[in-house]
Amino acid sequence: MNEETKESLKTMYEMADNAEECISFLQTALIYNSSKPLKDCGAKVRDIKKAEAVITKKITELSRDNPDLKQYISIPVHLLRIGENIEKLSELMDKKIKDNILFSDRAVTEITFLLQRLDDVLRP
C-alpha cells in the first residue's frame with residue numbers, strides 16, 4: 001500500500017473519530033446541561049466537512065490504479081452526512097440548553113443510551 005493510500009485511509013479514520021467524539025460531546029452536553037461541549041463538536045464537524053471533498057477526490061483518483069479502493073469511495077460522503085446530522089442534533093441540544101427545557105430522568109436515560117449506542121457504532 002503506497003503512502004497516498006495510507007494517508008487517505010488515515011484521514012477517513014480521523015473523520016470517523018471526529019464523528020464519534022461529537023457523539024460523546026452531545027452526551028456530555030445533555031448530561032451536564034452545558035453548551036461548551038457543543039462548541040467543540042462544531043469544530044469537529046467543520047473538520048469532517050472540510051476533509052470530505054478532498055478525500056473523496058483523492059480516493060477516486062487512487063482507485064483508478066487500485067480497484068480494491070473502490071469500496072472506500074462512498075465512505076467520506078457517508079461520514080459527511082453523519083456529520084451534518086450530528087450538527088443538527090447539536091443545534092437542537094443547544095436550543096434545549098438555552099431555552100432551559102427540562103427532560104424527565106427517563107428521557108435523559110433513554111437519550112444517553114441511544115447516544116452511547118451511536119458512539120459504539122461510530123467507534124473506528
Query raised in the report: Per-residue HN-Hα couplings for region 25-40, Karplus 6.51 cos²θ - 1.76 cosθ + 1.60 at θ = phi - 60°, whole Hz, x for Gly and Pro?
Result: 5, 4, 4, 4, 4, 5, 5, 9, 6, 10, 7, 4, x, 5, 5, 4
**Report entry** Extension gain, ARG81 back to ALA53 (0.36 nm per residue minus Cα-Cα distance, nm)
**Finding:** 8.8 nm
Report summary line: The residues LEU102, LEU114, sorted from fewest to most surrounding Cβ atoms within 10 Å, come out as LEU102, LEU114
Query raised in the report: Remind me, relative contact order of the chain in percent, using alpha carbon pairs under 8 angstrom and six or more residues apart?
Result: 39
Report summary line: Fewest-first ordering of ARG106, ARG117 by Cβ atoms within 10 Å yields ARG106, ARG117
Report summary line: From fewest to most C-beta neighbours within 10 Å, the residues THR112, THR11 line up as THR112, THR11
**Report entry** Cα long-axis angle, helix 75-98 against the chain (0 to 90 degrees, to the nearest 10)
**Finding:** 20
Report summary line: Two pseudo-spin positions, 7 Å from Cα along C-beta at LYS95 and at LYS10, lie apart in nanometres by 4.0
Query raised in the report: So for region 3-122, what percent of the C-alpha to C-alpha distances run longer than 22 Å?
Result: 40
Report summary line: Plugging the Cβ-Cβ distance of ASP68 and VAL121 into 1/(1 + (r/R0)^6) at R0 = 25 Å yields, to the nearest 0.05, a FRET efficiency of 0.55
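Laboratory data are not the source of any read-out in this text; all were calculated from the coordinates shown. Not measured: the values here are computed from a predicted model. Glycine gets a Cβ as well: all are built from the backbone with ideal geometry, and neighbour counts include every protein chain shown.
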